[in-house]
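Comments concern the structure below.
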Amino acid sequence: METLPLQPSIRISGVVEVPGDKSISHRAVILGSIANGTTIIENFLEGEDCMRTVDTFRKMSVNIEKCGSTIKIEGKGKDNLKEPIEPIYFGNSGTTARLMLGLLASLPFSSFVYGDQSLTKRPMDRVIIPLQEMGGDFIGRKKTSYLPLALNGGNLHGITYNMPVNSAQVKSAILLAGIGAKGKTKVIENYPTRNHTENMLQAFGATIKITDNEIEVENSDELKATNIYVPGDISSAAFLLTAAAIIPGSRLVINNVGLNSTRAGFLEVLERMGANVSILRETKNAGELIGDIQVTHSPLKGITIEGEIIPRLIDEIPIIALLATQAEGKTIIRNAEELRVKETDRINAIVEVLSKLGARIEATDDGMVIEGKTPLIGGTVMSYHDHRIAMMAVIASLITKDNVNIDELASISISYPNFMDDLNSIIQKDI
């Protein structure tokens with residue numbers, strides 16, 4: 001059990017950088033490994049999940065060297081990947097699992113994949129169903145709905161697929177399968193989801209066409225290596241930005257954060273709630289907008305969050321829920337049923353943790369209702385071994401009356417290994 005120390009009379013102040021974007025880090029390794037030539041990835045996220053993707057390609061005989069947050073990949077093209085001689089372990093990484101199922105289904109060899117206890121409970125049928133439509137051959141439990149799975153890859157054909165769920169992982173799996181399939185593959189979305197895969201495919205020279213909510217790819221015989229700078233992960237930045245937004249007297253700048261419009265829903269929510277948000281500088285790399293974000297404390301108000309914005313902030317909902325406890329009035333979150341199949345049932349986890357800390361919050365089938373503004377009192381909570389739930393509890397402890405005790409903090413290393421160090425560096429104690 002970890003006891004988070006009380007932080008009376010503090011404010012958040014300073015300039016910091018957060019680790020590289022998890023989603024982009026995964027995709028850069030995947031495409032760099034199937035491209036021809038040397039790919040250099042800078043500011044790669046050194047978390048456990050992204051290293052699962054690196055290890056997956058090492059098992060297929062790709063030479064990948066790591067020096068700190070820089071990755072060097074000697075790609076020889078997807079046709080030269082070797083059949084893995086041992087099972088591939090995805091750990092707790094849902095992104096690795098779902099994206100790699102798409103790629104592995106297109107490769108002309110067999111493989112066996114599995115995950116940890118948590119990942120084994122997460123549904124894979126949303127990926128398997130379209131891949132089977134493309135000709136994918138899978139064997140697994142509960143009609144191939146869950147890991148572990150055996151794959152006999154190759155001989156895929158293109159399809160047109162209308163997405164039944166708003167999931168960038170599903171979309172990406174189909175697109176990665178499509179670049180190795182015969183003919184054209186088209187994905188049609190109801191709402192735009194994060195488009196890092198599309199940006200990355202373009203950067204590596206794939207044949208891709210994007211029209212409104214339709215993305216079309218065709219077999220790409222040769223992807224060309226390129227250099228990628230991974231921007232800071234806005235999902236990680238959201239926790240520190242929230243601390244600045246809810247603690248009086250705070251002002252925080254986070255440099256080099258990804259500002260991709262399909263991911264920046266959290267910033268829109270901050271502004272709608274009344275937070276003082278500024279973008280100080282913008283650049284672009286491999287199709288990704290990057291900038292410095294400044295948040296200064298100001299009074300917040302409750303809002304309704306629903307519809308097309310949900311896919312653009314799905315990973316930030318835990319910290320948005322905490323934010324809402326400190327806003328005047330009611331905040332309603334709808335259309336977020338995807339949270340129930342994350343690392344844990346995040347709707348239940350969020351409500352359980354914040355309720356124990358004194359929040360007035362109720363779960364709904366597809367979200368939650370939060371009544372603010374509510375003082376938080378502290379208490380003993382579980383992380384559910386979910387990195388975002390653990391970080392939410394840590395930020396909450398900055399404003400509680402009593403100590404917060406949490407069962408573990410190790411899960412935070414999945415996405416933000418230096419979270420506690422970075423947080424402590426911006427806590428200013430007023431004496």
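The values are calculated or read from the model by the stated rules, or taken from the named source; none is laboratory data. Everything quoted here is computed from the prediction, not taken from an experiment. Every residue, glycine as well, gets a Cβ built from its backbone with ideal geometry; the counts of neighbours run over all protein chains shown.
Can you tell me which condition Gln117 does not meet? The list is (1) touching a strand residue (DSSP E or B) at 6+ places or on another chain (Cβ under 8 Å); (2) at pLDDT below 95, and all the others hold.
All conditions pass for Gln117, except number (1).
Would you confirm, using the coordinates I've provided, whether Ala327 is farther than 22 Å from Asn92 by Cα, of a type in the set (Gly, Ala, Ser) and either crowded, with 22+ Cβ neighbours inside 10 Å or at pLDDT below 95 (or both)?
Yes.
Given the condition more than 18 Å from the chain's Cα centre (by Cα) and either among the acidic types (Asp, Glu) or assigned to a strand (DSSP E or B) (or both), answer yes or no: does some residue in region 229-247 qualify?
Checking region 229-247: not a single residue is more than 18 Å from the chain's Cα centre (by Cα) and either among the acidic types (Asp, Glu) or assigned to a strand (DSSP E or B) (or both).
Being of a type in the set (Ser, Thr, Tyr), closer than 27 Å to Glu42 by Cα and surrounded by fewer than 24 Cβ atoms within 10 Å (Cβ to Cβ) is the filter here; which residues of region 180-226 pass it?
Thr207, Ser220, Thr226
Any chance you could count how many residues in region 154-177 are more than 17 Å from Asn213 (Cα to Cα) and modelled with pLDDT of 95 or more?
Count: 5.
Return yes or no: is Ile414 touching a Gly at 6+ places or on another chain (Cβ under 8 Å), hydrophobic (A, V, I, L, M, F, W, C) and farther than 21 Å from Gln117 by Cα? Spell out how you get there, then give the answer.
On the way: touching a Gly at 6+ places or on another chain (Cβ under 8 Å): yes; hydrophobic (A, V, I, L, M, F, W, C): yes; farther than 21 Å from Gln117 by Cα: no.
Judged against the criteria, Ile414 is not a match.
Take the conditions buried (at least 22 other Cβ atoms within 10 Å of the Cβ), within 25 Å of Gly47 (Cβ to Cβ), assigned by TED's automatic domain parsing to the domain that holds Thr304 and among the small types (Gly, Ala, Ser) and apply them to Ala396. Does it pass? First the steps, then the outcome.
Values: buried (at least 22 other Cβ atoms within 10 Å of the Cβ): yes; within 25 Å of Gly47 (Cβ to Cβ): yes; assigned by TED's automatic domain parsing to the domain that holds Thr304: yes; among the small types (Gly, Ala, Ser): yes.
Answer is yes for this residue.
From the list Ile293, Ile303, pick out the single residue that is more than 18 Å from the chain's Cα centre (by Cα), farther than 23 Å from Tyr191 by Cα and not assigned by TED's automatic domain parsing to the domain that holds Ile159.
Ile293
Give region 385-430 a look and list any residue that's free of Cβ contacts under 8 Å to residues at least 60 places away in the same chain and out of contact with any helix residue (DSSP H, G or I) (no Cβ under 8 Å at 6 or more places or on another chain), or say none.
Those that are free of Cβ contacts under 8 Å to residues at least 60 places away in the same chain and out of contact with any helix residue (DSSP H, G or I) (no Cβ under 8 Å at 6 or more places or on another chain): Lys401, Ala410, Asp421, Asn424.
Can you tell which of Glu343, Glu352 is at pLDDT below 95 and either under 27 Å from Arg122 (Cα atoms) or among the hydrophobic types (A, V, I, L, M, F, W, C) (or both)?
Only one candidate qualifies: Glu343.
How about region 38-49: which of its residues are outside any loop (DSSP other than H, G, I, E, B) and either modelled with pLDDT of 95 or more or in contact with a strand residue (DSSP E or B) (Cβ under 7 Å, 6 or more places away or on another chain) (or both)?
Matches in region 38-49: Thr38, Thr39, Ile40, Ile41, Glu42.
Yes or no, residue by residue, for (1) in contact (Cβ under 8 Å) with a residue 24 or more places away in the chain; (2) assigned to a loop (DSSP other than H, G, I, E, B); (3) of a type in the set (Val, Ile, Thr); (4) surrounded by fewer than 21 Cβ atoms within 10 Å (Cβ to Cβ):
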| position | (1), (2), (3), (4) |
| --- | --- |
| Thr344 | yes, yes, yes, no |
| Asn348 | no, no, no, yes |
| Ser355 | no, no, no, yes |
| Gly358 | yes, yes, no, yes |
| Ile361 | yes, no, yes, no |
| Glu371 | yes, no, no, yes |
| Pro375 | yes, yes, no, yes |
| Ser383 | yes, yes, no, no |
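Restricting attention to region 61-68, does a residue exist that is of a type in the set (Lys, Arg), buried (at least 22 other Cβ atoms within 10 Å of the Cβ) and either over 23 Å from Asp233 (Cβ atoms) or out of contact with any strand residue (DSSP E or B) (no Cβ under 7 Å at 6 or more places or on another chain) (or both)? Give the derivation first.
Narrowing region 61-68 to residues of a type in the set (Lys, Arg): 66.
Remaining after also requiring buried (at least 22 other Cβ atoms within 10 Å of the Cβ): none.
The answer is no; no qualifying residue exists.
Among the residues of region 38-56, which ones are over 20 Å from the mean Cα position of the chain (by Cα) and surrounded by fewer than 24 Cβ atoms within 10 Å (Cβ to Cβ)?
Thr38, Ile40 - these are the residues of region 38-56 that are over 20 Å from the mean Cα position of the chain (by Cα) and surrounded by fewer than 24 Cβ atoms within 10 Å (Cβ to Cβ).
What number of residues within region 13-37 are crowded, with 24+ Cβ neighbours inside 10 Å and part of a strand (DSSP E or B)?
Looking only at that region, the number is 1.
Residues are listed down the side, and each one gets a yes or a no for (1) in a loop (DSSP other than H, G, I, E, B); (2) farther than 24 Å from Gln132 by Cβ:
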site	(1), (2)
Lys171	no, no
Ala177	no, no
Lys186	no, no
Arg194	yes, yes
Gln202	no, yes
